[in-house]
Amino acid sequence: MPVELPPLPYDAKALEPHMSANTLGFHHGKHHAAYVNNYNNLVKDTPLADRPLEEVIKTVAGDASKVGIFNNGAQVWNHTFFWNCMKPAGGGTPSGALLERIEADLGGYAKFFEDFKTAATTQFGSGWAWLVLDGGKLKITKTANADTPLAHGQTALLTCDVWEHAYYLDYQNRRPDFVSAFLEHLVNWDFVARNLAKA
């Protein structure tokens, strides 16, 4: 079965003013859709066509002959994950078991905020900032271009897309402002907590 472009989990205007409907329209409707189409075309009529997306990403990671499949497949997965990392009236400090783990592993929410923002703003060029579970511990990491924690044996809990198309229409070159808005107003901590509980 071909991979399909999933619908956004909220209305295109739901994240305004922190992320505009214009940005979501281009980002989801053009960029994400293109990765879906490219991936389906690349795996069509191959043994990978009927395998689950996550399995394909892990299988082809590091295989130079399948870099196109990896890049497009990972971008499909990363973007679908990213949409779910946000919600209207999100952000702020999490609670419960998730906050306890952030305090124990990352030195508290304030330190998490600064370290995650640093990871996102210092990712040179295009990429992603992540909160992951790695070896039983929470870690903040970043990946370039299409790279994803799936390829490194880590469990993704939260991501922020720092490709320019994620923020340029709203923030121009002010990536730090976008990352702050993401953390303060958009993060879906319920989704992050569910990812941690399932890990």
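The values are calculated or read from the model by the stated rules, or taken from the named source; none is laboratory data. Just so we're clear, the structure is a prediction, and the values are computed from it rather than from any experiment. Please note: Cβ atoms are built from the backbone with ideal geometry, for glycine as well, and neighbour counts cover all protein chains shown.
Of all residues in segment 34-87, those satisfying the criterion of being in a helix (DSSP H, G or I), of a type in the set (A, V, I, L, M, F, W, C) and surrounded by fewer than 16 Cβ atoms within 10 Å (Cβ to Cβ) are Ala34, Ala64, Val67.
Screening Lys139 on (1) among the basic types (Lys, Arg); (2) assigned to a helix (DSSP H, G or I); (3) in contact with a helix residue (DSSP H, G or I) (Cβ under 8 Å, 6 or more places away or on another chain) shows it passes everything except condition (2).
Quickly run through segment 34-87 and pick out the residues that are within 20 Å of Pro7 (Cα to Cα) and more than 20 Å from the chain's Cα centre (by Cα). Result: Asn40, single match.
Could you list all residues from segment 143-181 that are crowded, with 22+ Cβ neighbours inside 10 Å, in a helix (DSSP H, G or I) and over 12 Å from the mean Cα position of the chain (by Cα)? Once the filter is applied, which keeps residues that are crowded, with 22+ Cβ neighbours inside 10 Å, in a helix (DSSP H, G or I) and over 12 Å from the mean Cα position of the chain (by Cα), segment 143-181 yields Phe178, Val179. Tally up the residues in segment 114-131 that are surrounded by 18 or more Cβ atoms within 10 Å (Cβ to Cβ) and more than 19 Å from Ala166 (Cβ to Cβ), please. Result for segment 114-131: 0. For segment 88-108, a tally of residues being within 24 Å of Pro17 (Cα to Cα) and surrounded by fewer than 18 Cβ atoms within 10 Å (Cβ to Cβ) returns 4. Inside segment 141-151, residues that are over 22 Å from Glu114 (Cβ atoms) and either touching a Lys or Arg at 6+ places or on another chain (Cβ under 7 Å) or without any contact (Cβ under 8 Å) to a residue 40 or more places away in the chain (or both) make up a count of 2.
When each of Ala12, Ala21, Ala89, Ala61 is tested for being touching a Phe, Trp or Tyr at 6+ places or on another chain (Cβ under 8 Å), among the hydrophobic types (A, V, I, L, M, F, W, C) and modelled with pLDDT of 95 or more, the lone residue that passes is Ala61.
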